1. Compute the distance in nm between two label points, each set 7 Å from the Cα along the Cα-to-Cβ direction, one at R43 and one at F114.
2. If amide H atoms are built 1.01 Å from N in the plane of the peptide, which residues on other chains or at least 5 residues away come under 5 Å of the amide H of N46?
3. Could you give the length gained by full extension between V103 and N64, i.e. 0.36 nm per residue of separation minus their alpha carbon distance, to one decimal place?
4. Got a sec? Charge dipole of region 61-100, +1 on Cβ for Lys and Arg, -1 for Asp and Glu; which of I77, N64, Y100 is way out at the positive end?
5. List, in order, the whole-Hz ³J(HN,Hα) value for each residue of region 57-72 obtained from phi through the Karplus relation with A = 6.51, B = -1.76, C = 1.60 and θ = phi - 60°; use x for Gly and Pro.
6. Mind giving me the nanometre distance, one decimal, between the label points for K35 and N73, set 7 Å out from Cα along Cα→Cβ?
7. Per-residue HN-Hα couplings for region 99-105, Karplus 6.51 cos²θ - 1.76 cosθ + 1.60 at θ = phi - 60°, whole Hz, x for Gly and Pro?
Amino acid sequence: MKSIILFSLFTLFSISSSFSQISHDLEIYSENGLKFTLIINGRTMNEVPVSNIQVMNTDKDYINAKLIFEDPNIPEIQKKVLQLADPGEGTTKSPVSVVYKIVETKKGEQVLRFASRSHKKIQEAGDIIIIESNPQPVNGKIVISW
């Protein structure tokens, strides 16, 4: 009886950990090269304003995002429910890489628009990625691991 309970707990733990491995990537860039600071769910992603940012491996399907531009004359952009996951996937979620871009409208306003979404290609073990604790932009782009 004890072995059945242990086996059941192990199986349940294995199943729950496989669901928690879904992680999405987000990239936001400015078509005009405007530099901005990204805040996700109240957490500042970059201290130095950049024109392109990638947030890697977030387990959130939807996020609250705020973009504050380096130029104080440009109003901030706020999206309360920014979708990362595929729409309508139900229970069979797979990790995606989603791209949003900042574009200027005909009225001269900056808005955040969906650009693309694709399924992530899961790499097999063997790659080692070293992330700095305080990453600095390279050519105006910064990559952050969630």
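Values in this text are rule-based calculations from the coordinates and carry no lab data. Predicted model only: the values in this text are computed from it and were never measured. Cβ: placed from backbone, ideal geometry, glycine included. Neighbour counts: every protein chain shown.
1. Output for this residue pair reads 2.5 nm.
2. For N46, whose amide H was placed from the backbone, the distant partners under 5 Å are L38.
3. Net length gain for the segment: 12.1 nm.
4. Of the listed residues, the answer is N64.
5. For region 57-72, the Karplus curve yields 6, 8, 8, 8, 7, 9, 9, 9, 10, 10, 10, 10, 7, 4, 6, x Hz.
6. 1.7 nm
7. Values per residue, Gly and Pro as x: 10, 10, 10, 9, 10, 9, 7 Hz.
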